[in-house]
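Working notes, beginning with the structure itself.
The values are calculated or read from the model by the stated rules, or taken from the named source; none is laboratory data. These numbers were taken from a predicted model, which means no experiment stands behind them. So basically every Cβ, Gly included, is an ideal-geometry build from the backbone, and we count neighbours across all protein chains shown. Side chains are part of the model used for accessible areas, which takes the heavy atoms of the whole protein and leaves out ligands, DNA and RNA. Shrake-Rupley method; radii C 1.70, N 1.55, O 1.52, S 1.80 Å.
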Amino acid sequence: MALCARAPAAAFPKLREGSRRRTRCRASEAAVPVAEEGRLERPRWSGETPLSKMVGALISFKPLYNLMKVASRQIIISTAEKANVPWRVMSKEILESDVYQLFDELRNPNLVYPDYYLNPFHAYEEGNLSWLAASEAEAATMSIAKRAIPDASSIEEATQRVRGPSLSAIENHHLKYSGNKCEIKDILDIGCSVGVSSRFLAEKFPSASVVGLDLSPYFLAVAEYRQRKEGRKKQIRWVHANGEATGLPAKSFDLVSLAYVCHECPARAIVELAKEAFRVLRPSGIIAITDNSPKSKVLQELSPVLFTLLKSTEPFLDEYYLLDLEEALRSAGFVNVTTILTTPRHRTVTATVPFDKI
């Protein structure tokens, strides 16, 4: 997950210099702030700009990079603790539980990890393949929600204001383009991490069966630990697999969700994720991608310290911001591609599989 969370927008017409577009979204039980676009297609600190190259040069200096990782991690922890998230308590609970047994139950020993996944992520040298990253993931998710909605009075409110609009965008897209053609019965959550996004999908669509898929068996073990602790009646099924080649049957899902995943992937992987989502979706099925918006005014105006720290923990952020995500979905076969700003930092991109898919 990104410091600003955890893939340029053809669905929006180009904006004239000095113009703004404002989109209001409504969460189920909380007022949502105006989500405002900036003047640019993407932040100056991303892509191939001189500023971006300068930041890249700083990050490539190993001693400075190590300091940046520590600073970035401390910002996330500090945000969490100021918002009364018991970061250390939550992590300790996981590390002292029987989660290790669940790891053996869920891990696919034959899975070959893609090369990009073995990079350091989020200030963890082992990236997502470690118990420390898995034990801290849920607290970090809460912290990121608070950073995204700084005026929220609580973590609960911030989380609702982050998740609610994206879920509403999915529901509205389904009603507009697929409502009379298919029901959402089966959901695949690619890059589900420790299951936070999967649980929100299960609550939004209670009659659906949900599958959470992730490359990290550590994250999946924590997801299952949380599920057993909560005693969820309708169990979410966890799958240890690569979202680019899931091994799941074709035309077996009505909704594929990727929440805060694409910014952690190189462009080639995002393209393959879109193709695989198209393959496993039924006709009139929906893909929903929620992630950082390159056009976010907030992200475009980040301070130099914050955007440098952000890029130090997200090795593929430039590729994400340079990719035309909407066009990648169209190239994969999707239609009705729609983009909406769902928070001041994030967009949700939805698209539909044609009804006459062969």
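Table: residues versus (1) in a helix (DSSP H, G or I); (2) under 17 Å from the mean Cα position of the chain (by Cα).
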{"position": "Leu102", "(1), (2)": "yes, no"}
{"position": "Glu105", "(1), (2)": "yes, no"}
{"position": "Leu111", "(1), (2)": "no, no"}
{"position": "Tyr117", "(1), (2)": "yes, yes"}
{"position": "Asn128", "(1), (2)": "no, yes"}
{"position": "Leu132", "(1), (2)": "yes, no"}
{"position": "Glu136", "(1), (2)": "yes, yes"}
{"position": "Ala139", "(1), (2)": "yes, yes"}
{"position": "Ser143", "(1), (2)": "yes, yes"}
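Conditions (1) on the phi > 0 side of the Ramachandran plot; (2) surrounded by 13 or more Cβ atoms within 10 Å (Cβ to Cβ); (3) not small (Gly, Ala, Ser), marked per residue:
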| site | (1), (2), (3) |
| --- | --- |
| Met68 | no, yes, yes |
| Leu106 | no, yes, yes |
| Tyr117 | no, yes, yes |
| His122 | yes, yes, yes |
| Asn128 | no, yes, yes |
| Thr141 | no, yes, yes |
| Lys146 | no, yes, yes |
| Ile149 | no, yes, yes |
| Ser153 | no, no, no |
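The residues in region 343-358 that are outside any loop (DSSP other than H, G, I, E, B), among the β-branched types (Val, Ile, Thr) and under 16 Å from the mean Cα position of the chain (by Cα) can be counted, and the count is 3. In region 308-321, the qualifying residues are those that are open to solvent by 30 Å² or more (accessible area, probe 1.4 Å) and assigned to a helix (DSSP H, G or I), and the one that is nearest to Pro283 (Cα to Cα) is Glu319. Can you name the number of the only condition in (1) modelled with pLDDT under 95; (2) in a helix (DSSP H, G or I); (3) over 17 Å from Arg226 (Cα atoms); (4) out of contact with any Ser or Thr (no Cβ under 6 Å at 6 or more places or on another chain) that Arg147 fails? That leaves (4) as the condition not met.
Consider region 248-268 and keep the residues that are outside any loop (DSSP other than H, G, I, E, B) and over 16 Å from Cys192 (Cα atoms). The one that is least open to solvent (accessible area, probe 1.4 Å) is Asp254. Considering every residue within region 292-307, establish whether at least one is open to solvent by 10 Å² or more (accessible area, probe 1.4 Å) and within 16 Å of the chain's Cα centre (by Cα). No, the conditions are met nowhere in region 292-307.
Somewhere in region 343-356, is a residue open to solvent by less than 10 Å² (accessible area, probe 1.4 Å), small (Gly, Ala, Ser) and modelled with pLDDT of 95 or more? Yes: region 343-356 contains one or more residues that are open to solvent by less than 10 Å² (accessible area, probe 1.4 Å), small (Gly, Ala, Ser) and modelled with pLDDT of 95 or more. The listed residues are Glu224, Glu244, Glu203, and the only one of them that is among the acidic types (Asp, Glu), open to solvent by 10 Å² or more (accessible area, probe 1.4 Å) and under 16 Å from the mean Cα position of the chain (by Cα) turns out to be Glu244. Against the conditions (1) crowded, with 22+ Cβ neighbours inside 10 Å; (2) at pLDDT below 95, Ala134 satisfies every one except (2).
Against the numbered list (1) surrounded by fewer than 24 Cβ atoms within 10 Å (Cβ to Cβ); (2) modelled with pLDDT of 95 or more; (3) farther than 20 Å from Ser293 by Cβ, Gln160 comes up short only at (3). In this structure, Ile184 does satisfy being assigned to a loop (DSSP other than H, G, I, E, B), of a type outside the set (Phe, Trp, Tyr), out of contact with any Gly (no Cβ under 6 Å at 6 or more places or on another chain) and buried (at least 20 other Cβ atoms within 10 Å of the Cβ). If you take the residues of region 322-342 that are open to solvent by less than 20 Å² (accessible area, probe 1.4 Å) and among the hydroxyl-bearing types (Ser, Thr, Tyr), which of them is farthest from the chain's Cα centre (by Cα)? Ranking the candidates gives Thr339 first. Listed conditions (1) within 24 Å of Arg228 (Cβ to Cβ); (2) in a loop (DSSP other than H, G, I, E, B); (3) of a type in the set (S, T, N, Q) are all met by Ser197, apart from (2).
Restricted to region 71-100, and to residues there that are under 30 Å from Ser153 (Cβ atoms), of a type in the set (Val, Ile, Thr) and not in a loop (DSSP other than H, G, I, E, B), the residue that is most open to solvent (accessible area, probe 1.4 Å) is Val89.
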